[in-house]
1. Give me the distance between the Cα centres of region B:57-98 and region A:1-27, rounded to whole Å.
2. Excluding residues fewer than 8 places away in the same chain, name every one of the lysines whose C-alpha is closer than 27 Å to that of A:Lys63.
3. Once label points are set 7 Å from the Cα along Cα→Cβ at both A:Asp14 and A:Ser120, what is their separation, rounded to one decimal in nm?
4. With a point put 7 Å past each Cα toward its Cβ, work out how far A:Ala27 is from B:Gln127 in nm, to one decimal.
5. Suppose the chain between B:Thr25 and B:Val65 were pulled fully straight at 0.36 nm per residue; how much longer would it get relative to their current alpha carbon spacing?
6. How far is it, in nm, from the label point at A:Ala60 to the one at B:Ala15 when both lie 7 Å from their Cα along the line to the Cβ?
7. Indicate the gyration tensor shape class of region A:2-114 (rounded, prolate or oblate), computed on the Cα atoms with a ≥ b ≥ c the square roots of the eigenvalues: a/c under 1.5 is rounded; otherwise a/b larger than b/c is prolate and the rest oblate.
8. Can you show me the helix-derived [θ] at 222 nm for chain A, built from DSSP H runs with n ≥ 4 at -39,500 (n - 2.57) apiece and divided by the number of residues, rounded to the nearest 500.
Amino acid sequence: MRFMMLMIPRGYEDAAPGTMPDADAVAAMMKYNEALQKAGVLLALDGLHPPSMGARVSFASGKPTVRDGPFPEAKEVLGGYWMIDVKSKAEAVEWASRCPASKNEIIEVRQVQEFSEFPSDVQEAASGFKEMQAAPGRGTAS
Amino acid sequence: MRFMVMVKADKSTEAGVLPSEKLLTEMGKYNESLVKAGILLAAEGLQPSAKGARVRFSGSRRTVVDGPFAEAKELIAGFWILQVKSKEEAIEWVKRCPNPLEGESEIEIRQIFEASDFGEAFTPELQQAEARMRAEVAAGTKG
């Protein structure tokens, strides 16, 4: 089962453009990342620049409306994520608990939707999705 | 530059309502266009937060709270990772996306940190360790 561990650092919603993580925190996090990797459960991981450098596109009026960050209404935002492959939600929570996170941080553990879980009509409408995941445009994009 | 493009949850995604055939067809076409443009690195949907959990940290203490979580609009229902040349290009692609939910919806675009963003604090040794880890993770994923 694949789970996404979503890192939610409280306060990051107000972070200035160009804010960088602290080197000591990164060093501790790298040890944790290595533990995930050595256990063979790590599929992907990334950190995100603050929302003040991002944008939101809303579809409220039917037409896309773009707003640049920061987003004053946001109470919590994503700081980064890990994608892991484990046997159960309990194992995912166990890994999240081992993270060297700070007091202001929360990790949300969410199960990824697998193609095989969809009913047959949904699978049919989404045909080609598995191939897309298997062969992303990495080669041409780099 | 890589961007994470996130679809925000709403009541229906949190209730586990699956998208209609019409929306799935439109979204399938959109995803195909991302693949053909060579910019799609990943795309996933997440199960409702009711099936998830949150871990809170305080010193050495860890508190686990099971889902669901309030504030559906702050939650993520799914995401794409795109490789493009600028934030503007990412925004252009997102504007072409069919409205991902049946009612009102919002998509957030966030730039991903690259090793080169960290400057001197990210020493050559740390960069090598990071690159090695990513290579091993990528190899493991394919195998």
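Throughout, read-outs are computed from the coordinates displayed, never taken from laboratory work. Since the structure is predicted, the reported quantities are computational estimates derived from the model, not experimental observations. Note: ideal-geometry Cβ built from the backbone for every residue, glycine included; neighbour counts use all protein chains shown.
1. Distance between centres, Cα-based: 12 Å.
2. The reachable lysines, counting only those whose Cα sits under 27 Å from A:Lys63, are A:Lys75, B:Lys8, B:Lys11, B:Lys22, B:Lys29, B:Lys36, B:Lys73, B:Lys85, B:Lys87, B:Lys95.
3. Here the modelled spin labels are 5.6 nm apart.
4. With each label placed 7 Å out from Cα toward Cβ, I get 1.9 nm.
5. Extending this stretch completely gives an extra 10.8 nm.
6. Label-label distance for A:Ala60 and B:Ala15, simple model: 2.2 nm.
7. oblate
8. Estimated from H runs of four or more residues: -8000 deg cm²/dmol.
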